[in-house]
1. Is one or more of the residues making up region 115-127 exposed (fewer than 12 other Cβ atoms within 10 Å of the Cβ) and at pLDDT below 90?
2. Which ones in region 101-110 are closer than 17 Å to residue 68 by Cα and either at pLDDT 95 or above or under 17 Å from the mean Cα position of the chain (by Cα) (or both)?
3. Which residue, of 55, 109, is in contact (Cβ under 8 Å) with a residue 40 or more places away in the chain, touching a helix residue (DSSP H, G or I) at 6+ places or on another chain (Cβ under 6 Å) and at negative phi?
């Protein structure tokens with residue numbers, strides 16, 4: 001009978017103990033050292049998007065042109081109701097009420113595909129401009145002693161001149 005009682009007590013003790021999963025290192029947080037708070041904290045962006053801060057005001061003057069241009073590029077404003085657990089300043093009145101905003105900036109998201117397309121566009125535009133400059137340079141190359149076959153994109157800096165005795 002004593003064996004049955006001790007087994008019952010052990011079973012009861014097992015049910016009272018806290019599960020090992022609740023005492024793992026992941027659930028206990030270590031103290032983080034102090035650092036100045038970031039004024040531009042943003043909630044994590046959904047998969048396939050990036051969050052960016054866009055200017056809506058400069059020195060107290062609205063910059064509707066910039067916001068309008070960004071919205072036409074594909075940005076979407078991020079509203080507080082999409083992230084109810086994230087604490088950050090929100091525009092509390094006006095045209096952008098309910099949107100995350102700090103110091104004349106609004107939080108917006110843009111799809112990764114749009115970022116890639118925009119980057120490719122500006123890389124192509126840059127290479128086209130560089131090619132046009134090279135073309136003008138080669139066209140101006142009228143004198144036979146100043147032949148430039150392919151322009152170099154490097155510069156070298158030297159200080160002084162080497163003496164014959166130095167090596």
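1. Scanning region 115-127, I find no residue that is exposed (fewer than 12 other Cβ atoms within 10 Å of the Cβ) and at pLDDT below 90, so the answer is no.
2. 101, 105, 106, 107, 108, 109, 110
3. 55
Each row is one residue, and each column tells you yes or no for (1) part of a loop (DSSP other than H, G, I, E, B); (2) at pLDDT 85 or above; (3) loosely packed, with under 10 Cβ neighbours inside 10 Å.
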{"residue": "81", "(1), (2), (3)": "no, yes, yes"}
{"residue": "86", "(1), (2), (3)": "yes, no, no"}
{"residue": "93", "(1), (2), (3)": "yes, no, yes"}
{"residue": "135", "(1), (2), (3)": "no, no, no"}
{"residue": "148", "(1), (2), (3)": "yes, no, no"}
{"residue": "153", "(1), (2), (3)": "yes, no, yes"}
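The values are calculated or read from the model by the stated rules, or taken from the named source; none is laboratory data. Keep in mind it's a predicted model, so treat the numbers as computed, not measured. Quick reminder, even Gly has a Cβ in these numbers, built from the backbone with ideal geometry, and neighbours come from all protein chains shown.
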